[in-house]
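Below is one structure, written out as C-alpha cells; the observations come after it.
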C-alpha cells in the first residue's frame, strides 16, 4: 500500500483547525528587506530587471530602512553598487565605501534596526565574479576569494552593524 495509508483530513476541515496545526508561520519580523545602495546616486533609480525595485542613494536607503522598520520587518540587508570597480573588488573594503556609509547613516537614523551587509565581491569586481580570478581568468580561486572577504567583513563590522555580514 502506498504512503500515506491514512490521510488526516480531519485536521484540515476548518480554518481554526488548520490554524491550530499549522507548522510554519511567517510574519513581518521574520523578513529582511534587501536594499541596493548605489554610490553617488541622489534619490532612486529603477532596476529594469527587477520591476518595482530601485537602486537607492544613501539618503533614500535611510528612508526606505525607516519604512521597513515602521512596518515591523526584521531588518535590512545592504547590497552595494560602487562608483568604481577593479579586479580585486577593493571598493568592498573602503572605509568610505557605499555600504559602510549607508550602514552608518541607517544606524544613526534607526539604531534599533538590524542592518546586515552582503560581502560578495561580484558588484565590486570589474569581471563580475564573486571572488578573485585564477591566472587563467576563467574561474575563481576559493582560497584567495575567502581571504578577500575578510577586509570587507572587518570594515563593515566597524561601520557598525550588530550582525555578521551575509555571504
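Our note on the geometry: Cα centres of the range 49-85 and the range 11-44, 17 Å apart. Scoring 85-98, 9-22, 66-79, 42-55 by mean Cβ neighbours within 10 Å over their residues and listing the highest first yields 85-98, 66-79, 42-55, 9-22.
A simple spin-label model places the labels of residue 30 and residue 14 2.5 nm from each other, with each point 7 Å out along Cα-to-Cβ.
Laboratory data are not the source of any read-out in this text; all were calculated from the coordinates shown. This is a predicted model, so every value here is computed, not measured. Cβ: placed from backbone, ideal geometry, glycine included. Neighbour counts: every protein chain shown.
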